[in-house]
1. Just report the Cα centroid separation between the stretch 98-119 and the stretch 1-68, whole Å.
2. Could you pull the Cα extents of the stretch 20-104 along its three principal axes, largest to smallest, in whole Å?
3. Whole number please: convex hull volume per residue of the Cα set in the stretch 1-50, in Å³?
4. Please build a GNM for the chain, connecting alpha carbons under 10 Å apart, and tell me which residue among 157, 102, 22 fluctuates the most.
5. Rounded, prolate or oblate: which one fits the stretch 76-134, using the alpha carbon gyration tensor with axes a ≥ b ≥ c (rounded when a/c is under 1.5, else prolate when a/b beats b/c, else oblate)?
6. Between residue 123 and residue 143, what is the label-point separation in nm under the 7 Å Cα-to-beta-carbon projection?
7. Could you give the alpha-carbon Rg of the stretch 41-152 over 2.2 N^0.38 Å, rounded to two decimals?
8. To the nearest 10 degrees, how steep is helix 156-165 against the longest Cα principal axis of the chain, on a 0 to 90 scale?
């Protein structure tokens with residue numbers, strides 16, 4: 001066996017040993033983390049339920065008082081941002097077959113951009129057209145409405161809870 005190969009084998013053996021020690025240390029840490037989580041998770045879940053209830057109550061109060069959020073549309077109160085925001089516009093196609101036929105006739109060169117092979121109008125592409133073009137295609141643009149919202153200004157706690165407990169909604 002060559003000297004170079006012996007050096008590589010020794011290096012691999014050393015690397016393997018270091019990785020085993022690292023894995024053992026991480027396993028000890030994970031066991032301790034699991035024990036700490038087990039001690040605290042029930043209390044955290046109880047508090048999360050209380051936060052969810054308070055969030056729902058606040059959101060309902062905001063939803064019931066749109067007149068308070070005309071200008072400005074939102075407020076920050078005790079670190080919680082509440083108010084109204086415009087929802088995304090959406091397209092409503094009354095008769096998809098008719099709209100597809102109109103797309104073929106009015107936009108033959110761009111037909112593939114607006115219609116999927118399965119003969120479904122592509123709303124994201126149609127949304128780029130102006131209202132006059134949409135009208136010719138018998139597509140109605142429905143403006144997004146004001147939607148109430150309620151969210152904490154900081155997201156660090158939510159991120160920490162996701163890291164600790166997985167995907168959770170407070």
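Taken together, the values in this text are just the output of simple stated rules run on the coordinates, not laboratory data. On a predicted model such as this, the values are computed, not experimentally measured, just so you know. Glycine also receives a Cβ, built like all others from the backbone with ideal geometry; neighbour counts cover every protein chain displayed.
1. Measuring centre to centre over Cα atoms gives 49 Å.
2. Taking the Cα atoms of the stretch 20-104, the three principal extents are 67, 44, 20 Å.
3. Values: hull volume 3.2 nm³, N = 50.
That works out to 64 Å³ per residue.
4. 22
5. prolate
6. 1.9
7. Here the Cα radius of gyration is 1.61 times the empirical estimate.
8. 60
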